[in-house]
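Below is one structure; the comments refer to it alone.
Taken together, the values in this text are just the output of simple stated rules run on the coordinates, not laboratory data. Please read these numbers as outputs of a predicted model, since none were measured by experiment. Cβ coordinates were reconstructed from backbone atoms using ideal geometry, including for glycine residues, and neighbour counts include every protein chain displayed.
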Amino acid sequence: MKVKFWGVRGSLPTPGPKTARYGGNTTCLQVLRESGPLIVLDAGTGVRELSDHLMKSVKPPYDIRMLVTHTHWDHIHGFPFFVPIYVPGSQIEVYGIGPLHHGKSFERVMRDQMTYSYFPVENTMLDDTVKYFDFNDLFKHREGGVEGHFKLTPEVTVHLKITNHPVFCLAYKLEADGKKFIFTGDHEPYYDTNSPGGESTDTEARALVELMNDRFIEFCEGVDLLVIDTTYTEAEYNGQPGKPHTSKRGWGHSTFEYNIGLAKRAKVKKLALTHHDPTRTDDDLDRLMEKYAALAKREIPGVEVFATREGMVVDV
Ligand SMILES: [Zn+2]
Ligand SMILES: [Zn+2]
């Protein structure tokens with residue numbers, strides 16, 4: 001199993017010469033296997049590049065399974081430009097989770113971005129090719145609910161874990177060909193929301209926070225490749241002392257420092273840092289990677305750690 005990165009940017013596409021090396025397209029990954037349907041994770045603007053590639057190199061009709069981590073724009077706004085959805089005879093299964101608390105299904109949210117005010121092509125054009133699956137419906141009667149595993153294809157098992165993010169978001173662990181790979185989608189380490197400024201003094205809340213973070217680390221235990229949301233440095237996340245409005249706490253993203261620590265505890269074999277902050281230039285990312293490669297060398301010697309780039313292919 002290999003993973004190809006078609007979009008690695010978080011929050012907003014960032015075209016232009018200053019981001020050309022790492023890439024400005026938002027999140028999209030492709031899982032490469034020798035057989036079986038094509039597997040795609042997220043449909044940020046990177047999915048348009050994948051679309052171009054498929055139209056040139058793979059004969060239609062298309063058989064595709066798409067796993068969407070969550071419905072924030074940067075993870076779905078390439079979807080209307082993914083040409084295989086318009087190719088008659090194709091079968092595109094799209095899996096995700098809707099924002100339950102607003103009473104909207106995953107399908108409703110996906111369809112809403114292709115309505116008259118936003119996009120010129122009507123959803124009805126996709127009715128024969130695209131089928132949506134909402135995990136809230138699929139696993140309504142399962143003990144444990146959404147979290148658990150299922151067979152995406154006869155050879156690929158997918159494990160689901162809800163992450164800490166300001167909308168329902170899922171981390172996906174794919175198990176196939178004797179290997180395991182995780183894409184976290186967006187995830188912020190849990191913290192005590194009653195102590196937004198930092199360290200909690202409430203021992204019960206601290207124990208709960210630790211338990212939630214431990215569960216996430218257990219989910220990552222021993223994976224061959226962990227692709228993880230690494231939007232901020234710890235300093236950016238905390239903000240300036242005495243200026244709480246500069247903190248990024250509660251925005252739903254993780255840090256270089258935390259993720260290297262997580263990889264150490266979970267004994268991850270390969271660590272890919274992704275969802276690059278849209279304000280970062282290529283030179284910024286180079287500088288950060290130099291700094292954090294040194295930290296990783298000390299903390300997790302022997303583990304390959306890298307920042308994702310558009311077009312990169314990684315062995316799981
Ligand atoms: Zn995002
Ligand atoms: Zn998000």
(message) Give me the dipole magnitude in Debye, nearest 20, for the chain about the Cα centre, with unit charges on the beta carbon: positive for Lys and Arg, negative for Asp and Glu.
(response) 480
(request) Select from Gln113, Gln91, Gln240 the residue whose mean-square fluctuation is largest in a Gaussian network model of the chain (Cα-Cα springs shorter than 10 Å). (result) Gln240
(request) Would you order His53, His275, His141 from fewest to most other beta-carbon atoms within 10 Å of each residue's own beta-carbon? (result) His141, His53, His275
(message) Given points 7 Å out from each Cα along the Cα-Cβ axis, report the His101 to Thr279 separation in nanometres with one decimal.
(response) 2.6
(request) Divide the volume of the convex hull of the Cα atoms of the range 227-316 by its number of residues and quote the answer in cubic angstrom per residue. (result) 111
(request) Report the paramagnetic label zone for Lys140: residues of the range 76-117 whose backbone N is under 17 Å from a point 7 Å from Cα along the Cα-to-Cβ axis. (result) 96-109
(request) Working from Cα positions, state the angle (0 to 90°, nearest 10) between the long axis of helix 282-299 and the longest principal axis of the chain. (result) 60
(message) If packing is taken as the average count of other Cβ atoms within 10 Å, what order do 92-98, 142-148 fall into, highest mean first?
(response) 92-98, 142-148
(request) For every helix of n ≥ 4 consecutive DSSP H residues, a contribution of -39,500 (n - 2.57) applies; sum these over the chain, divide by its total residues, and give [θ] at 222 nm rounded to the nearest 500 deg cm²/dmol. (result) -7500 deg cm²/dmol
(message) What is the angle, in °, between the Cα long axis of helix 46-57 and the longest principal axis of the Cα atoms in the chain? Nearest 10 is fine, range 0 to 90.
(response) 40
(request) Give the calculated FRET efficiency between Phe150 and Lys243 to the nearest 0.05, with a Förster radius of 51 Å applied to their Cβ-Cβ distance. (result) 0.65
(message) Spelling out what I want: for every residue of the range 7-21, take phi, set θ = phi - 60°, compute 6.51 cos²θ - 1.76 cosθ + 1.60 (Karplus), and round to whole Hz; glycine and proline get x.
(response) x, 10, 8, x, 6, 8, x, 10, x, x, x, 6, 10, 5, 6
(message) Could you sort the peptides 204-211, 305-312, 116-123 by per-residue average Cβ neighbour count (10 Å cutoff), highest mean leading?
(response) 305-312, 204-211, 116-123
(request) Mind sorting Thr129, Thr201, Thr45, Thr26 by how few other Cβ atoms lie within 10 Å of their own Cβ, fewest first? (result) Thr201, Thr129, Thr45, Thr26
(request) Please tell me which of these pairs span more than 22 angstrom C-alpha to C-alpha: Lys4/Lys104; Lys131/Lys151; Lys2/Lys104; Lys161/Lys269; Lys140/Lys269? (result) Lys4/Lys104; Lys2/Lys104; Lys140/Lys269
(request) Based on the mean of other Cβ atoms within 10 Å per residue, sort peptides 60-69, 150-159 so the most packed one is first. (result) 60-69, 150-159
